[in-house]
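The values are calculated or read from the model by the stated rules, or taken from the named source; none is laboratory data. Everything quoted here is computed from the prediction, not taken from an experiment. In this analysis, Cβ positions are derived from the backbone assuming ideal geometry, glycine residues included, and neighbour counts consider all displayed protein chains.
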Amino acid sequence: MKPLIPLFTRLVSYSAVMFLMALVIQFDFAEGEVKEDSLIEITQEIVLLISTVLLVSFASKAKDFRLFFLVLAGFLGVHFVREFDFWLNTQLFDKAWQVFSLVIIILVMVLVVKNWKRLILEITSVSKTYGFAFFFSGLVILHVFSRLYGRKLMWIDLLRDTHDKYVISENGEKVVALRDFMRPVKDASEESLELLAYSIILIGVVEMIIFGIKSTRKV
């Protein structure tokens, strides 16, 4: 029974994370629209920040995977800056988020080029863990599935009949256009899916850190 305690601890902890994410989504859905300053958006940024800080903080304790963790932190750091694109562009200067992202990318690339062989070895080792599988799955959901899932035409097809049946018409025109009718549903659904992806990425980061620390201690 004792060897299963870590497994049950993970199950409870990660279930709690998902429960919390569901509450965040429920809160914003009650507001009727997911905006740039919504709780879903803020939580995405918090989850990204936590993932990045964890990787940087534990890089020194997992010396065998220090380079990989730092590169990954930079990668997620770019995502974090991207989440603030609207604020940075309006409060600082146009395309500010691209500038900050470019700085991070340059620093990461210098690190990669100088330590390429070592990085390959670290990635090869980490890629065999289920923590990496979590991370990779979250990344695919975020950059592939959520983008396809959020296509406007798909949501227009889904909501066209409902719009035509229930939205009031005036002078032969619908009071609310179909694109405006579907937008809150599409945005809320897509942002919720992104929040799920970021949560899965966070779980993957935690698992990879645990693996990295344990592997370093064994040496």
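For this structure, a couple of remarks:
- Taken over the stretch 102-119, the residue count meeting the criterion of being closer than 18 Å to LEU55 by Cα and under 24 Å from the mean Cα position of the chain (by Cα) is 8.
- Residue in the stretch 179-197 that is aliphatic (A, V, I, L, M), over 18 Å from the mean Cα position of the chain (by Cα) and outside any helix (DSSP H, G or I) present: no
- Residues being at pLDDT below 90, of a type in the set (A, V, I, L, M) and closer than 24 Å to SER125 by Cβ - total across the stretch 60-105: 1
- Residues located in the stretch 42-64, provided they are surrounded by fewer than 18 Cβ atoms within 10 Å (Cβ to Cβ), of a type outside the set (Asp, Glu) and more than 18 Å from ARG217 (Cβ to Cβ): ILE42, ILE46, LEU49, ILE50, VAL53, VAL56
- Test for LEU67: is it surrounded by 20 or more Cβ atoms within 10 Å (Cβ to Cβ) and within 17 Å of the chain's Cα centre (by Cα): no
- Annotation note: Cβ proximity below 9 Å between a residue of the stretch 198-216 that is of a type in the set (Asp, Glu) and a residue that is not in a helix (DSSP H, G or I) (sequence gap 6+ or interchain) occurs for GLU207/THR129.
- Residues in the stretch 179-217 that are farther than 21 Å from GLN26 by Cβ, touching a helix residue (DSSP H, G or I) at 6+ places or on another chain (Cβ under 9 Å) and surrounded by fewer than 17 Cβ atoms within 10 Å (Cβ to Cβ): ARG179, ILE210, ILE213, SER215, THR216.
- The residues on offer are LEU55, LEU76, LEU72, and the sole one that is within 12 Å of the chain's Cα centre (by Cα) and part of a helix (DSSP H, G or I) is LEU76.
- Check on VAL144, of a type in the set (A, V, I, L, M, F, W, C), free of Cβ contacts under 8 Å to residues at least 24 places away in the same chain and under 30 Å from SER13 (Cβ atoms): yes
- Residues being basic (Lys, Arg) and not in a helix (DSSP H, G or I) - total across the stretch 95-145: 2
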